[in-house]
Amino acid sequence: MEDDSEPEQSSWAYLPDVCLRHVFHWLDDRDRSQAALVCKKWSWAMYSGSLWRSRTIIFYGRPSRARTMEFQSALWYVKKFGKYLEHLEIKLSNPYNTAFTQKFQMTMRGLLSHLGKRNSRLVSLSIKYLELDRLIWKNVVRAQFIKNLATFLKRMSKQLDYLNLKGARVTLEEGCELLNSLTCLTNRSFISEINIEDFFGLHLPVYSSTLFHQTMSKFHSLVILTFNYNCISDELLDILREHTAHSLCTLNIKCHIHDPHGQVVWGMSWANLAKRAPKLNVNFFFERVVRHDHLARILLAEIPVRSISLRSCYSSDPDWIMRPTLTNLLPAYWHILQKLTLELDNDHELLDDELLQLILSCKRLLFLKVWAFLSVTFMERLLQNRAERKCILTTIKVRIYTAQQETSEEDRLLCDIYRKFKNLIDSEINYFVITYPMA
């Protein structure tokens, strides 16, 4: 006798929509497309907007068989699901010739055009490391890309809340054109976060540009601004004080040896900004700017500095010393400094005492990362002071440089120090300490 009853359905058929979307969330585009062919319910899950809100698109410069379809897949995604997009990140990895940049420009023209017409949700856009100052960008291709991007930013200016163009390396005029695109419709922008670190080309004294000052005066709701020190001037600080003091919380400032950083900025300008923006924290990142006289001109006592990162990166100046910076400059921030990073490769001075004294004087210091020529006993002294509650460090990451190739004795001492303070380290400190031969 034949069984007329309907075939038993798989338990997957009864999976709640929220669970099905969660499963699809972990699939890549290819697997999602194949899964969508199973049934109507799975096809509907494929087109759930929550799956397509965030996207990272990487264009790899070096050709390979596996990456031949990346340009087409980027356009496929935007045409198919671009209307759901809220957070878009585009990365350009190692572009190698003019043919690649031209293809990238044409793809981006289609991508941005389609998004501009269909998307009303995008709040976050990141396009990093374009390096438009390289010779692989022909002038006409570069100009067309900037024009397309400016048009897109103008369309999205009312909804974008975050823009990251780090590493674009544009001219002053091009950079201001792109930033002004965010203010074209209302002559002011309410975007809350901008990252323009390495946005302008090397060696540009942006701080003296009236065009840049006029551009920045149109931003009225900045919360976080990331940029280079070659943009800093009394005029810019006054503009920030006048237009964004009510919202401004963080300034991330990179100072590179190849960027102009000799301009005079008055402490009073910083003091006035800090007074009007009481929530302001300033984070400095120094690359190969290590001379005390250069740092003293930048690190003024009136700045509310929360974090300092100093990297010597094999400085070309053989005579630079860190001691005056540790003893005379950084202690000015004893009441506010929370994070300190030092990567120093000078082997002609031992800084154990000066560094320890600085740490003990900074009453709010929580994070310490040091790569330098130190003695192993420095770690024992530091941990002993931490055990006695003379500092409040919660993260300690130290790489002890040594001129010797053989470090077995130093490693043994570090193990002994760890065992001595094991309970403290395991319960209260994110701790990582090693020796590193520099021979």
Scope region 386-417; condition under 26 Å from Glu349 (Cα atoms) and either aromatic (Phe, Trp, Tyr) or part of a loop (DSSP other than H, G, I, E, B) (or both); matching residues: Lys390, Cys391, Leu393, Tyr401, Ala403, Gln404, Gln405, Glu406, Thr407
Touching a residue at least 12 places away in the same chain (Cβ under 8 Å), part of a helix (DSSP H, G or I), open to solvent by less than 20 Å² (accessible area, probe 1.4 Å) and under 26 Å from Gly267 (Cβ atoms): is that true of Leu326 in this structure? yes
Cβ pairs under 6 Å, 6+ apart, first in region 33-53 and among the polar types (S, T, N, Q) and outside any helix (DSSP H, G or I), second open to solvent by 20 Å² or more (accessible area, probe 1.4 Å) and at pLDDT below 75: Ser48/Arg21
Among the numbered criteria (1) under 22 Å from the mean Cα position of the chain (by Cα); (2) hydroxyl-bearing (Ser, Thr, Tyr); (3) farther than 30 Å from Asn346 by Cβ, which single criterion is violated by Ser181? (1)
Only residues that are assigned to a loop (DSSP other than H, G, I, E, B), buried (at least 20 other Cβ atoms within 10 Å of the Cβ) and under 19 Å from the mean Cα position of the chain (by Cα): list them for region 234-279, please. Leu248, Asp259
Please list, ordered by first then second residue, the pairs with beta carbon atoms under 6 Å, 6 or more apart or interchain, first in region 82-100 and closer than 8 Å to Ile136 by Cα and among the β-branched types (Val, Ile, Thr), second surrounded by fewer than 20 Cβ atoms within 10 Å (Cβ to Cβ) and modelled with pLDDT of 90 or more. Thr98/Ile136; Thr98/Lys138
For residues that are open to solvent by less than 40 Å² (accessible area, probe 1.4 Å) and within 21 Å of the chain's Cα centre (by Cα), tally how many sit in region 96-133. 7
Going residue by residue through region 381-400, is there one that turns out to be touching a His at 6+ places or on another chain (Cβ under 8 Å) and surrounded by fewer than 17 Cβ atoms within 10 Å (Cβ to Cβ)? no
Could you pull out the residue among Phe219, Phe286 that is within 16 Å of the chain's Cα centre (by Cα), touching a residue at least 12 places away in the same chain (Cβ under 8 Å) and open to solvent by less than 30 Å² (accessible area, probe 1.4 Å)? Phe286
Give the residue, chosen from Trp334, Trp320, that is assigned by the TED database to the domain that holds Ile429, under 22 Å from Arg288 (Cβ atoms) and of a type in the set (Phe, Trp, Tyr). Trp320
If you take the residues of region 330-371 that are under 27 Å from Ala271 (Cβ atoms) and basic (Lys, Arg), which of them is surrounded by the fewest Cβ atoms within 10 Å (Cβ to Cβ)? Lys363
Unique match (being at pLDDT 95 or above and either farther than 16 Å from Ile425 by Cα or β-branched (Val, Ile, Thr) (or both)) among Trp371, Trp320: Trp371
I'm trying to understand the selection: among the residues of region 119-148, which are farther than 20 Å from Asn180 by Cβ, assigned to a helix (DSSP H, G or I) and in contact with a strand residue (DSSP E or B) (Cβ under 9 Å, 6 or more places away or on another chain)? none
What number of residues within region 297-352 are within 17 Å of Arg364 (Cα to Cα) and aromatic (Phe, Trp, Tyr)? 2
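The values are calculated or read from the model by the stated rules, or taken from the named source; none is laboratory data. These numbers come from a predicted model, not from an experiment. Cβ coordinates were reconstructed from backbone atoms using ideal geometry, including for glycine residues, and neighbour counts include every protein chain displayed. Accessible surface areas use protein heavy atoms only, side chains included; no ligands, DNA or RNA. Shrake-Rupley method; radii C 1.70, N 1.55, O 1.52, S 1.80 Å.
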